[in-house]
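Colleague: Have a look at this one.
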Amino acid sequence: MTVSHATPAFPEDSPLDSARSAETQVETHPAAPAPRPGSLRWGILATGFIAGQFTSDALIAGLDVRAVGSRSAESAQRFATTYGIPRAHDSYEALVADPEVDIIYVATPHPMHRETAGMALEAGKHVLVEKPFTLNRAEAVELRDLAARRGLLVMEAMWTRYLPHMRRIREIIAAGGIGEVRTVFADHTQSLPTDPEHRINALTLGGGALLDLGIYPISFAWDILGEPISIQAAAHFGATGADTEVATVMTHLSGALSTTTTSSRAKGPNTAHIVGTEGRIDIDGVWYTSTDFSHRAADGTLLERYESARDGVGMQHQALAAEDYVARGVLGGERLSVDDSVRIMGTLDEIRAQIGLRYPGEPRLR
Ligand SMILES: NC(=O)c1ccc[n+]([C@@H]2O[C@H](COP(=O)([O-])OP(=O)(O)OC[C@H]3O[C@@H](n4cnc5c(N)ncnc54)[C@H](OP(=O)(O)O)[C@@H]3O)[C@@H](O)[C@H]2O)c1
């Protein structure tokens, strides 16, 4: 069976996490559609690569993007003009204080997530914060607890979890479509800039393949198999001390195994596979974006070919989920709860402890 959900238009190898510089050129977006009734008013905190990608998708979905804030007035104004955003602020403080904003999307490098997301929560705004949720588990706990004290949503922008093909995959597994899951494999490997000053390499900006790219397959293994009960990791480091390759083998409660590979230097297939006793699911590259998958029986017979819609890149689905959680008062999240985001940061801490990766000024990880 082939289930087609629209015309494929998104190139298979468009790496969202290509960590392009803040100077990345963005096309001027057409005027935003009229806001949907009941939607939240969004503020965009930071104006780099992913802030532009998110805003573009948010506008496609009809979200009310009301304001942007940057460390520089010029960047804020340029971003506002590009995306047709009515309000531009020359500081993050001014953005989070804007009474016309209900929810802040945080798109700073990860060492700043704790501070910038925390600033928004202190100002009484809900928060959707880019992955990784924070630099480490201790910071994640602080953010979660702050949001709980303030009665606000704080949610990790692990957008893959919210994509329609992932929803369908979970349905197939829950219905026993591949039997008992025994192994999960996922690869996130890209060829990214080698400039030592670049965010992907600079330790002061949280550089390294694990936190930038490896978090996707690790969060995916968590999604399918739950928390790992044992973790083994290996890594290679570049000249700046940032990790360039990381591999993990994790055992999960059911006894199933997951393996993940990550590189910031060499681009691989970026596919993912879930293998069960009665069949398997092969997710096409780039598996963590809106993509297609095949569900096969154990003998290889194709049972379902799922083709995803390519309406934007797909970052809007998480934002729509955030609005839904706020509307229903589900402030701990559902698809990826904030408690699981904290635990996943714990998994990343454990991997970093094993490979010996600590960021400047960070306390011991364990
Ligand atoms: N979901 C995804 O697919 C995806 C893809 C790429 C990145 N990310 C995540 O998004 C975050 C940002 O990544 P990015 O690729 O957008 O980075 P980027 O292009 O370098 O942009 C980061 C922005 O953060 C702000 N910023 C605040 N303090 C900064 C500092 N000390 N140095 C540099 N910039 C600073 C800047 O905005 P202003 O100058 O306007 O203040 C800058 O434009 C990271 O946590 C990354 O893991 C997610």
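Colleague: Tell me the residue from I44, I60, I50 that is more than 12 Å from the ligand (Cβ to nearest atom) and closer than 22 Å to V313 by Cβ, please.
Modeller: Being more than 12 Å from the ligand (Cβ to nearest atom) and closer than 22 Å to V313 by Cβ holds for just one of I44, I60, I50, which is I60.
Colleague: Tell me whether segment 255-268 contains one or more residues that are more than 22 Å from the chain's Cα centre (by Cα), assigned by TED's automatic domain parsing to the domain that holds L211 and exposed (fewer than 15 other Cβ atoms within 10 Å of the Cβ).
Modeller: yes
Colleague: Right, next: Any residue at all in segment 208-224 that's surrounded by fewer than 17 Cβ atoms within 10 Å (Cβ to Cβ) and not small (G, A, S)?
Modeller: no
So that you can scan it fast, the table gives a plain yes or no per residue for (1) buried (at least 21 other Cβ atoms within 10 Å of the Cβ); (2) touching a residue at least 60 places away in the same chain (Cβ under 8 Å):
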residue	(1), (2)
T301	no, no
A321	no, yes
D324	no, no
M345	yes, yes
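Colleague: Got a number for residues in segment 155-167 being under 27 Å from E139 (Cα atoms), of a type outside the set (S, T, N, Q) and in a helix (DSSP H, G or I)?
Modeller: Qualifying residue count, segment 155-167: 3.
Colleague: While we're on this one: Out of all the residues in segment 243-276, which are farther than 24 Å from S290 by Cα, outside any strand (DSSP E or B) and out of contact with any Pro (no Cβ under 9 Å at 6 or more places or on another chain)?
Modeller: S254, G255, A256
Colleague: What number of residues within segment 63-84 are in a helix (DSSP H, G or I), near the ligand (Cβ under 10 Å from one of its atoms) and of a type in the set (S, T, Y)?
Modeller: 1
Colleague: Here is a further query. Tell me which residues, restricted to segment 168-194, are within 12 Å of the ligand (Cβ to nearest atom) and in a loop (DSSP other than H, G, I, E, B).
Modeller: Within segment 168-194, Q190, L192, P193 qualify.
Colleague: Hey, another quick one. Need pairs with beta-carbon distance below 8 Å; first residue over 23 Å from D324 (Cβ atoms) and in contact (Cβ under 8 Å) with a residue 40 or more places away in the chain and within segment 108-130, second outside any loop (DSSP other than H, G, I, E, B) and among the polar types (S, T, N, Q); sequence gap 6+ or separate chains.
Modeller: Within 8 Å, the pairs are T108/T116; P111/T204.
Colleague: If a residue has to be over 21 Å from T160 (Cα atoms) and surrounded by fewer than 18 Cβ atoms within 10 Å (Cβ to Cβ) to count, how many in segment 274-295 make the cut?
Modeller: Going through segment 274-295 one residue at a time, the tally reaches 2.
Colleague: Now for a different question. Among the residues of segment 90-98, is any within 24 Å of I60 (Cα to Cα) and surrounded by fewer than 24 Cβ atoms within 10 Å (Cβ to Cβ)?
Modeller: There is at least one residue in segment 90-98 that is within 24 Å of I60 (Cα to Cα) and surrounded by fewer than 24 Cβ atoms within 10 Å (Cβ to Cβ).
The values are calculated or read from the model by the stated rules, or taken from the named source; none is laboratory data. Owing to the predicted nature of the structure, the values given are computational and were not obtained by experimental measurement. Virtual Cβ from ideal backbone geometry, glycine too; neighbours counted across all protein chains shown.
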